[in-house]
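**Q** Okay, handing you the structure first.
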Amino acid sequence: MVQNTPLRVLVSGSFDSDFSPAALNVAVRNLADNALRHLDQAGVAGVIVNAAASAASPAKLIDEYDGLVVLGGCDIHPQMYGQDIESSCVYGTNLRADEFEISLVRSAVAARMPVIGICRGMQVFNVALGGTLVQDVGPGTIHKVTEDNTAMTEHDVQIMPGTKLAGIFGEGEIGIQSAHHQAADRLGDGLIVSAVAPDGIVEAIELRDSWGIGLQWHPEDSKANLAHVDMLFTAFAAQCALHARRRLSTTTA
């Protein structure tokens, strides 16, 4: 008999952080609400965990869910990728949240669980697998319009052919909403670039050999093309269902 249990995914973010500007805390909450709504529309129940405050074991949490989404937020402390703070623009760092989310991603990848990282979440994805970040892409770029990174800016990205992302959105250019002053530099183990901005900044990464995608932009933003987030989460839900079936077959074998 097939067990018909609802898909449940863990949605991690740093909420109401004392290290974050108040406006960013509000923006993170709003984006999380949007993500939960679109996950629900894809047939997935998202369960929030506060990376800045949770005392749960990341490895045990991963055992309880069918997928992982890591949301946006403040900068990762550069010590997490072996560097000192080299830019005055690095802000809001919270080592507790960094360590928690990096452990979540490593546990999820080890379990071959489907993973999506959005904005900071993409950076966590890269750092968790041994990658590094550009600490500040510099002033006057197409990627940020305010110092606190709470306002979105629109630009195109080029989807790389033959990638999982191309399988979701198609090859070629799509318009996106982003707000970031950092970016992936050296890629983590097993990752490839799946989208770039017109100025060459890496805008998406993915695992070569299993299902994990990081987007530097915010498909869940209310001003984005919301068909994109629904396409992304529909593909994610299908992978979560496969993972759930694998977990069930393992436990019942």
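**Q** Place a +1 charge on the Cβ of each Lys and Arg in the chain and a -1 charge on the Cβ of each Asp and Glu, then give the dipole magnitude about the Cα centre in debye, rounded to the nearest 20.
**A** 980
**Q** Restricting to DSSP loop positions (anything but H, G, I, E, B) with no more than 13 other Cβ atoms inside 10 Å of their own Cβ, which trypsin sites (Lys or Arg not before Pro) remain in segment 94-190?
**A** Arg186
**Q** Given just the C-alpha atoms of segment 63-204, how large is their convex hull per residue in cubic angstrom?
**A** Here the figure is 110 Å³ per residue.
**Q** Moving on to the next point. Using a Gaussian network for the chain with springs between C-alpha atoms less than 10 Å apart, which of these wobbles most: Gly117, Gly172, Gly67?
**A** Answer for the Gaussian network model of the chain: Gly172.
**Q** Please compute the alpha carbon radius of gyration of segment 128-246, then divide it by the globular-protein estimate 2.2 N^0.38 Å. Two decimals is fine. Write down the numbers at each step before the final one.
**A** Working: Rg = 14.5 Å, N = 119, 2.2 N^0.38 = 13.5 Å.
In units of the 2.2 N^0.38 Å rule of thumb, it is 1.07.
**Q** Here's a follow-up. Using a 7 Å offset from the Cα along the Cα-to-Cβ direction at both Asn225 and Leu242, what is the distance between the two label points in nm, to one decimal?
**A** 2.5
**Q** A further question follows. Once you put a point 7 Å from the Cα of Ser88 and another 7 Å from the Cα of Ala166, both along the Cβ direction, what distance in nm separates them?
**A** Once both label points are built, they end up 4.3 nm from each other.
**Q** Which far-off residues, 5 or more places away or on another chain, put their amide H under 5 Å from the one on Gly212, with H placed in the peptide plane?
**A** Amide H to amide H, under 5 Å and 5 or more residues apart or across chains, Gly212 pairs with Val115, Leu207.
**Q** Hey, how many Å between the Cα centroid of segment 1-46 and the Cα centroid of segment 94-122?
**A** Rounded to whole Å, the Cα centres lie 14 Å apart.
**Q** If I take R0 = 45 Å and measure r between the Cβ atoms of Arg186 and Thr5 in this structure, what FRET efficiency does the formula 1/(1 + (r/R0)^6) give, to the nearest 0.05?
**A** It comes out at approximately 0.70.
**Q** How high is the relative contact order of segment 99-243, in percent, with contacts defined as C-alpha pairs under 8 Å that are six or more residues apart?
**A** 28
**Q** Around Asn50, with a cut-off of 15 angstrom between Cβ atoms, what is the net charge of the other residues, counting Lys and Arg +1 and Asp and Glu -1?
**A** -3
**Q** While we're here: Could you line up Asp136, Asp75 from fewest to most neighbouring Cβ atoms inside 10 Å?
**A** Ascending number of Cβ neighbours within 10 Å: Asp136, Asp75.
**Q** If Lys and Arg each add +1 and Asp and Glu each add -1, what is the summed charge of the other residues whose beta carbon sits under 11 Å from the beta carbon of Val90?
**A** -4
**Q** Taking 8 Å as the Cα distance limit and 6 or more residues as the minimum spacing, I'd like the relative contact order of the chain as a percentage.
**A** Dividing the mean separation by the residue count of the chain yields 20 percent.
**Q** Residues with amide H under 5 Å of Val9's amide H, sequence separation 5 or more or different chain, H placed in the peptide plane at 1.01 Å from N; which?
**A** For Val9, the qualifying residues are Ala45, Gly46, Val47, Asp66.
**Q** Which residues in segment 213-243 place their backbone N less than 19 Å from a point set 7 Å from the Cα of Thr250 along the Cα-to-Cβ direction?
**A** 213, 237-243
**Q** Please build a GNM for the chain, connecting alpha carbons under 10 Å apart, and tell me which residue among Asp63, Asp156, Asp84 fluctuates the most.
**A** Looking only at Asp63, Asp156, Asp84, the biggest GNM fluctuation is shown by Asp84.
**Q** By counting other Cβ atoms within 10 Å of each Cβ, how are Trp217, Trp211 ranked from fewest to most?
**A** Working: Trp217 29, Trp211 20.
Starting with the residue having the fewest Cβ neighbours, the order is Trp211, Trp217.
**Q** Jot down the radius of gyration and Dmax of the chain, Cα atoms only, both in angstrom.
**A** Over the chain's Cα set, Rg and Dmax evaluate to 16.9, 59 Å.
**Q** Among Glu206, Glu86, what is the fewest-to-most ranking by other Cβ atoms within 10 Å?
**A** Listed from fewest to most nearby Cβ atoms, that is Glu86, Glu206.
**Q** Could you check which residue among Ser12, Ser210, Ser57 shows the biggest mean-square fluctuation in a GNM of the chain with a 10 Å Cα cutoff?
**A** Ser57
Values in this text are rule-based calculations from the coordinates and carry no lab data. Note that the coordinates shown come from a computational prediction; the quantities given were computed from them, not determined experimentally. We place every Cβ from the backbone using ideal geometry, glycine too, and count neighbours over all the protein chains shown.
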